[in-house]
Every structure is written in C-alpha cells, then in structure tokens.
Amino acid sequence: WLAAQPETLEREGFLLVHGSPRDPIWEYVTSTPVARAAMAAMEAHSGLHGHTHLPIAYIEDDGRLETMSPGSGSELTFDGRRVLLNPGSVGQPRDGIPTSGWMLLDTDAGTATWRRTAYDISDVQAAMTRLGLPERLVARLAYGL
C-alpha cells in the first residue's frame, strides 16, 4: 500500500513530503543551508516535511531564512511568507519530549500551531514488543530520543 502512494502531494499551496522537496523520501532537513536549498527546489509556495521527527519552522523573509524551534502552544503567523514546516512526530519523537508532537495548520488564517499530546506509552510499547519491533525503538518512546 505505501509503495503505491505518491512521493509528494500538493494541497492549498503546500508541498507535502516526508524528507525534503529535493529528495521527498530520504533527505533530512537539519540545518539552515539544507532548508534554503530545499525551499529553492520547491515549486509550491510552502511546504511540510517530516523525517527528522523534530518540530521546526524555516521562514523565508525578505531573502533571509529564519529558524523557529516551536514548543507546545507555539504559533507562527506566516503572513504570506514562504515556510517549510515540520510538525514533529506522533510516534518516535527525537526532541527529548516523549509526548506526541503535531501541528494544526490553518491555511485560511496563515497560521501553524504546534501541540503536544500525552498518550499511554507503556501500552504502545507492549504492542510494539508483541509485534517483534526492535527493542531500541520500543525503549526510545519513553525518552523521546
């Protein structure tokens, strides 16, 4: 099923990718230079990406690229500026916070709001163990790393 899905989608002026606009599957956007190159490759006005499991926003403003590391409740108003946003991770976060990270994107208002939601980590770990998933992935849920 997953292999049959497109590598990119575009919705309401946003390119949606797992990795980056340059390499939709595998590239990690982990720095301002990589984000700048990824945004240069993006035909859509703005984009959403994942892969790093880290909540972050890159905001293009008058030729400069600003970086925002949002916490729960952080809101970004992008006012027509180009952005490349990562909501974080519902599973396997990498920012040291074990709760699920997600983002509410309001394209009409031009805002993104990052949120964190607690869940029963031990239940998920038990299910992962029953499925035979790697112990390192099971364990890291408790630490968010």
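The values are calculated or read from the model by the stated rules, or taken from the named source; none is laboratory data. As the structure is a prediction and not an experimental result, all values here were calculated from the model. Glycine also receives a Cβ, built like all others from the backbone with ideal geometry; neighbour counts cover every protein chain displayed. These area figures cover heavy atoms from the full protein model, side chains too; ligands, DNA and RNA do not enter into them. Shrake-Rupley method; radii C 1.70, N 1.55, O 1.52, S 1.80 Å.
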The range 34-94 versus the range 98-145: alpha-carbon centroid distance in Å: 19 Å
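Kindly give the semi-axes, whole Å and largest first, of the ellipsoid equivalent to the range 1-45, taking each as the square root of 5 times a Cα gyration tensor eigenvalue.
Over the Cα atoms of the range 1-45, the ellipsoid semi-axes are 19, 14, 6 Å.
Per residue and in Å³, how big is the convex hull formed by the alpha-carbon atoms of the chain? Kindly include the intermediate steps, with their values, before the conclusion.
Working: hull volume 17.2 nm³, N = 145.
So the per-residue hull volume is 119 Å³.
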Nonlocal amide H pairs with GLU10, under 5 Å, H built at 1.01 Å: LEU16
Around THR107: net Lys/Arg minus Asp/Glu count, Cβ-Cβ under 15 Å: -3
J(HN,Hα) series, the range 30-44, from Karplus relation 6.51 cos²θ - 1.76 cosθ + 1.60, nearest Hz, glycine and proline x: 10, 8, 4, x, 5, 4, 4, 5, 5, 5, 5, 7, 8, 7, 5
Amide H partners (placed H, <5 Å) of ILE56, local residues excluded: ASN86, GLY88
HN-Hα J in Hz across the range 10-27 - Karplus 6.51, -1.76, 1.60, θ = phi - 60°, x for Gly and Pro: 10, 9, 6, x, 10, 8, 10, 9, 7, x, 8, x, 7, 9, x, 9, 10, 6
Karplus (6.51, -1.76, 1.60) ³J(HN,Hα), θ = phi - 60°, over the range 110-115, in Hz, Gly and Pro reported as x: x, 10, 10, 10, 8, 9
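Leaving ligands and nucleic acids out of the surface, order TRP26, TRP102, TRP1, TRP114 by accessible area at 1.4 Å, largest first.
Values: TRP26 175, TRP102 100, TRP1 225, TRP114 5 Å².
The most accessible residue leads, giving TRP1, TRP26, TRP102, TRP114.
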